[in-house]
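Colleague: Below is the structure I would like to discuss, written out as structure tokens.
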Amino acid sequence: MLKQRILTALVLAPLALWGIWASPLPVFAAILAVIFALAGWEWARLSGLAGVSGRIAYVALLLLGMAGLYFGLTVDNLALAVFVLALVWWSMALMMVLSFPQGSEMWRRSGLARGIAGLFILLPAWLALVVLHGQVEDGPGWVILLVMLVWAADTGAYFAGRALGRHKLAPKVSPGKTWEGAAGGLLLALLIALLGSLWLSPGGGMVAFVVLVLLTIAISVLGDLVESLFKRITDIKDSGGLLPGHGGMLDRIDSLTAAAPLFVLGMVWLG
């Protein structure tokens, strides 16, 4: 499994970084829409839509939402409102993780509720990456930095957890994750952030930027845990098998879905 993870990452990571850097905004938004549509296909399964027609309908709804947000970017404060709604959702999601399995009965019974949750997870994250790429100075560079922060947190947590993990982070949701792993991921992400700050120029000062990075990495862990929670509710091990060693597309971007809206909102506050 580890060999598969490394080989898949060695192939996909350079392609992803090149695509972010080289693509104009419309192309980037379209490629990103395909990636998130694949994740939506997998989330439809978590929503209880086992049939092909139901999953196609869910993906079509997701694509319509992305198209509406893209063409509505000229509306004042639209993106800001979406990001605030996303933070409301992730605040609720944190309560879900902390209280699990209490309070999970509604999510177990209602595929509709799980489907709506998927829209709250995927749409703001897609929009955040599009806004960061197209409406922020040095946007592609900032998208690359955000992606690498999340990758670093995930990679650092994986290896630190395997080597040092003793204390469970959220045993009822994801027994494999540990506090030691989370700390290892945070340290590696901070190193990437410091290196990235030499390339880009964070507004608001270095201290504020480091605080934003810390919050971003913390919420990225929540994104991973929330997907694990929904997989546990629906008794599904992996969201899919598209990426060898990594599971499905949703398994690959779950941390990013939580991190992106907060990071972009923080960028706005930092100017």
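The values are calculated or read from the model by the stated rules, or taken from the named source; none is laboratory data. If you're wondering where the values come from, they're calculated on a predicted model, not measured in any experiment. In this analysis, Cβ positions are derived from the backbone assuming ideal geometry, glycine residues included, and neighbour counts consider all displayed protein chains.
Here's the yes/no breakdown for (1) over 18 Å from residue 254 (Cα atoms); (2) surrounded by 14 or more Cβ atoms within 10 Å (Cβ to Cβ):
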| residue | (1), (2) |
| --- | --- |
| 105 | yes, no |
| 127 | no, yes |
| 141 | yes, yes |
| 150 | no, yes |
| 159 | yes, yes |
| 163 | yes, no |
| 171 | yes, no |
| 185 | no, yes |
| 199 | yes, no |
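Colleague: So the check is Cβ under 8 Å with 6+ separation or different chains; which pairs have a first residue in region 108-135 that's without any contact (Cβ under 8 Å) to a residue 40 or more places away in the chain and a second one that's in a helix (DSSP H, G or I) and among the hydrophobic types (A, V, I, L, M, F, W, C)?
Modeller: Matching pairs, first to second residue: 113/106; 113/107; 120/85; 120/86; 120/89.
Colleague: Test of understanding: among 226, 210, which residue is outside any loop (DSSP other than H, G, I, E, B), β-branched (Val, Ile, Thr), under 30 Å from residue 55 (Cβ atoms) and modelled with pLDDT of 90 or more?
Modeller: Values: 210 fails: under 30 Å from residue 55 (Cβ atoms).
Checking each option against the conditions leaves just 226.
Colleague: Taking region 161-185, which residues are in a helix (DSSP H, G or I) and touching a His at 6+ places or on another chain (Cβ under 7 Å)?
Modeller: Those that are in a helix (DSSP H, G or I) and touching a His at 6+ places or on another chain (Cβ under 7 Å): 179, 180.
Colleague: Sticking with this structure for a sec: So how many residues does region 166-192 have that are hydroxyl-bearing (Ser, Thr, Tyr) and touching a strand residue (DSSP E or B) at 6+ places or on another chain (Cβ under 7 Å)? Full working, then the answer.
Modeller: Narrowing region 166-192 to residues hydroxyl-bearing (Ser, Thr, Tyr): 174, 178.
Adding the requirement that they be touching a strand residue (DSSP E or B) at 6+ places or on another chain (Cβ under 7 Å) leaves 178.
So the answer is 1.
Colleague: Are there any pairs, at least 6 apart or on different chains, whose C-beta atoms fall under 6 Å, with the first in region 172-199 and under 25 Å from residue 96 (Cα atoms) and the second of a type in the set (S, T, N, Q) and buried (at least 20 other Cβ atoms within 10 Å of the Cβ), and if so, which?
Modeller: 173/228; 174/228
Colleague: So in region 85-103, with the set limited to residues that are crowded, with 16+ Cβ neighbours inside 10 Å and of a type outside the set (A, V, I, L, M), which one is farthest from the chain's Cα centre (by Cα)?
Modeller: The residue in question is 100.
Colleague: Also, quick follow-up: Would a scan of region 215-225 turn up a residue that is more than 21 Å from residue 6 (Cα to Cα) and among the acidic types (Asp, Glu)?
Modeller: Within region 215-225 (the criterion being more than 21 Å from residue 6 (Cα to Cα) and among the acidic types (Asp, Glu)), the answer is no, since none of the residues qualifies.
Colleague: It is to be established whether one or more residues within region 47-62 are within 14 Å of residue 127 (Cβ to Cβ), surrounded by 14 or more Cβ atoms within 10 Å (Cβ to Cβ) and of a type outside the set (Phe, Trp, Tyr).
Modeller: Yes - at least one qualifying residue is present in region 47-62.
Colleague: Next question, about the same structure. Answer yes or no as to whether residue 123 is out of contact with any strand residue (DSSP E or B) (no Cβ under 6 Å at 6 or more places or on another chain), closer than 21 Å to residue 251 by Cα and either surrounded by fewer than 15 Cβ atoms within 10 Å (Cβ to Cβ) or among the aliphatic types (A, V, I, L, M) (or both).
Modeller: Numbers: out of contact with any strand residue (DSSP E or B) (no Cβ under 6 Å at 6 or more places or on another chain): yes; closer than 21 Å to residue 251 by Cα: yes; either surrounded by fewer than 15 Cβ atoms within 10 Å (Cβ to Cβ) or among the aliphatic types (A, V, I, L, M) (or both): yes.
When the stated conditions are applied, residue 123 passes them.
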